[in-house]
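The structure appears right after this line, and notes come after that.
Bear in mind these aren't lab numbers, they're just calculated from the coordinates by the rules spelled out. Given the structure is predicted, the values throughout are model-derived calculations rather than measurements. Because the Cβ atoms are built from the backbone with ideal geometry, glycine has one as well, and the counts that use them run over all protein chains shown.
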Amino acid sequence: MTDTSTAPASLVRTAGVEPLPPARPMRSILNPATGEVIATVPEQGADEVDRAVATAKDAFESGPWPTMARSRRAHLLLKLADAVEDRSGELFELETRNNGRPITETRAQLARVPEWFRYNAGLLVAQRDAVLPSDGEYLTYQRRAPLGVCGIITPFNHPMLILARSLSAALATGNTVVVKPSELTPLTTLALVEILHAAGLPAGVVNVVTGGREAGERLTRHPDIAKITLTGGTEAGRAAALATAARFARVTAELGGKTPIAVFDDIDPVAAAEGAAFAAFVAAGQSCVAGSRFLVQRGIYDAFVDALAARADAIRIGDPALPATQLGPLISAAQRDKALRYVQIGREEGARVVAGGTVPDLSAPLDRGFYLRPTVLADVANDMRVAQEEIFGPVAAVVPFDTEADAIAMANDNRFALGAGVWTRDLARAHRVADRIVAGMVWVNDHHRLEPSLPWGGIKESGIGKDAGTESFDDFTWIKTVVVRTAADDVDWYGQADPGRLN
């Protein structure tokens, strides 16, 4: 099923899906650092989605998972977390080769994946059903039940972490799942699901379909899918929302972003630039919350631009498998070329390129990779395309502002509202600005901080719903209200002369 010439066989098998029909083609999976093929996976579509959903539905209706005692299911989730932790070295190396992020980033990110399974196991054993107040002799209480078969569609930039974030909550609440990873980065998803099965997850509970648009569209439209969790582009999210709305299924969608970072003049501009550079260039800027729009107060504007450009120029570009590398490639040639087009658009709009903007000169085999030097565009106006549109690459636009009110207005003047940042030493200002910025998440003097307990998601065209936290856990369930009459007398509404109020 897969070409394992360079990928460990145990980490690239498809789990939970019937064998590929002979007519289906295979998709080559590339290492974006070199452009080389590292594996092949089935290009699956609607038929495979239907079979995977049927398998998951059977596991939900006939298998032990949804009816398993909560303590036992929580114990198994903890066992799954330990199994993933034991294989973390293989996993972060595989993710680096598949999506090109420096190994220092994948090691740090994937080391946290077990936390999501442990957190949701904790929510499961701590969950209490509400007893509701009721007039008269009644006991009224609520019960939460799993939704059924849930679909999870993940992106290329953080394939394993984003999957674990939703999958752990879906499993903890007793659902079964069909996963459709990005067609560009399916390898760690396949690896993770195999690890979960080997650790004791019952058959059919988690199923994987490897494919592109056809598979994703069928999954969102499938009548037996009770909820879709999707991380991707705004148009994909809009299509998923329409498809699920047609059958009243649920959807959680984390979509695009154009994160504003407001930097005030009470802070050291060099310290702010060096700290906030992480926001712009981690994952080569391929993150929905990438700090791609720096709003800098005019008093420190020039110093900040100089410091950010210097930091960008000093970032070490190279083989992402080496610990010394700080910036890897973009996911594909198309994504790199898109970022380069935006650099040119910025020039045409009047911005200055003060760092980067070109492809680095690297030796073979990295010269065939999809690299772009970290880029800083200065003297950007907030209405320019480079300040309004998501680039999804290591390209940061720096916009000057004068007053706090200006910063807030500029931050909110965008169709996206996923994340935002505020850099200031004024505590009152930090709270005041964070309160007025319209965004699902706001970081102060930091960026991209996440925990299993912190709800993640935006508003406006950045999506709907939340991943992580109790919000995600609860949204994988539906509520049943049970009303029990405890009165000793019989009910005879029509036999009473004056039955009183209807109750």
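Observations
- Those chymotrypsin sites (Phe, Trp or Tyr not before Pro) in the range 218-306 that DSSP places in a loop and that have at most 13 other beta carbons within 10 Å: 248
- Residue 385-residue 72 pseudo-label distance in nm [points 7 Å out on the Cα-to-Cβ vector]: 5.9
- For the set 227/258; 227/480; 79/480; 57/180; 258/338; 227/338, the pairs lying more than 25 angstrom apart at their alpha carbons are 227/258; 79/480; 227/338.
- Length gained on full extension, residue 50 to residue 314: 90.1 nm, using 0.36 nm per residue less the C-alpha separation.
- Theoretical FRET efficiency, 1/(1+(r/R0)^6), r = Cβ-Cβ of residue 482 and residue 82, R0 35 Å, to 0.05: 0.45
- Exposure proxy order (Cβ contacts within 10 Å, fewest to most) of 205, 354: 354, 205
- Going from the residue with the fewest nearby Cβ atoms within 10 Å to the one with the most, 110, 377 rank 110, 377.
- As a rough guide to protection, the peptides 432-439, 118-125 ranked by mean Cβ packing within 10 Å, highest first, stand as 118-125, 432-439.
- For the pair residue 493 and residue 359, the difference between a 0.36 nm per residue extended length and the Cα-Cα distance amounts to 40.1 nm.
- Total formal charge among the other residues, if their Cβ is under 14 angstrom from that of residue 322, Lys/Arg +1 and Asp/Glu -1: +1
- Summing charges over all other residues whose Cβ lies under 15 Å from the Cβ of residue 272, with Lys and Arg as +1 and Asp and Glu as -1, gives -3.
- With both labels modelled 7 Å from their Cα along Cα-to-Cβ, the residue 332 to residue 344 distance reads 1.9 nm.
- Fraction of beta bridges assigned by DSSP in the chain that are antiparallel (%, nearest 5): 40
- For the chain, the alpha carbon convex hull comes to 173 Å³ per residue, rounded to a whole number.
- Summed side-chain charge close to residue 142 - residues other than residue 142 whose Cβ falls under 11 Å, Lys, Arg +1, Asp, Glu -1: +3
- FRET efficiency, 1/(1 + (r/R0)^6) with R0 45 Å, evaluated for residue 322 and residue 402 via beta carbons: 0.55
- Computed E for residue 268/residue 431 - FRET, C-beta separation, R0 25 angstrom, nearest 0.05: 0.75
- Burial ordering of 79, 227, fewest other beta-carbon atoms within 10 Å first: 79, 227
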